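S.K.: Before we start, here is the structure in question, set down as structure tokens.
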Amino acid sequence: MESLLISQVNYDSMSTTELKQYFLKHRGDRGAFQAYLDRINQRPLRIIASPDDPDFDEKVQAAIRRKLEAARNNSSE
């Protein structure tokens, strides 16, 4: 019965967060895992700083702080 339900799931209708949560709850669903990987690999890469940037350290630290803050905000929702 589980495989029947999995084959009827519409991954495209889920947000990235919903798809991630679905996959975490249904780890045996290879289709969900592949859909999630495809989704995150479609995201454009964001360049924070180039190695020769004089403010490299500050920019990387600021990006880390933003990422940590976003994670804290998401976990409190």
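S.K.: Sketch the reach of a paramagnetic label on LYS67 as a point 7 Å from Cα along Cα-to-Cβ, and name the residues of the stretch 18-56 whose backbone nitrogen lies under 16 Å away.
M.R.: 40-41, 43-51, 56
S.K.: Once you put a point 7 Å from the Cα of LEU37 and another 7 Å from the Cα of SER50, both along the Cβ direction, what distance in nm separates them?
M.R.: For LEU37 paired with SER50, the spin-label model returns 3.3 nm.
S.K.: Here's something else I'd like to know. List the lysines whose Cα sits under 27 Å from the Cα of LYS59, skipping any in the same chain fewer than 8 residues away.
M.R.: Correct list for LYS59: LYS67.
S.K.: At 7 Å along the Cα-to-beta-carbon direction for both SER76 and ARG27, put a label point, then send me their distance in nm to one decimal.
M.R.: In this crude spin-label approximation the distance works out to 3.0 nm.
S.K.: So what is Rg over Rh here for the chain, counting just Cα atoms and using Kirkwood for Rh? Walk me through the numbers on the way to the answer.
M.R.: On the way: Rg = 17.4 Å, Rh = 15.1 Å.
Taking Rh as the inverse mean 1/r over Cα pairs, Rg/Rh reads 1.15.
Each reported figure results from applying straightforward, stated rules to the coordinates on display, with no laboratory input. Since the structure is predicted, the reported quantities are computational estimates derived from the model, not experimental observations. A quick note on method: Cβ atoms are made from the backbone with ideal geometry, for glycine too, and the neighbour counts reach across all protein chains shown.
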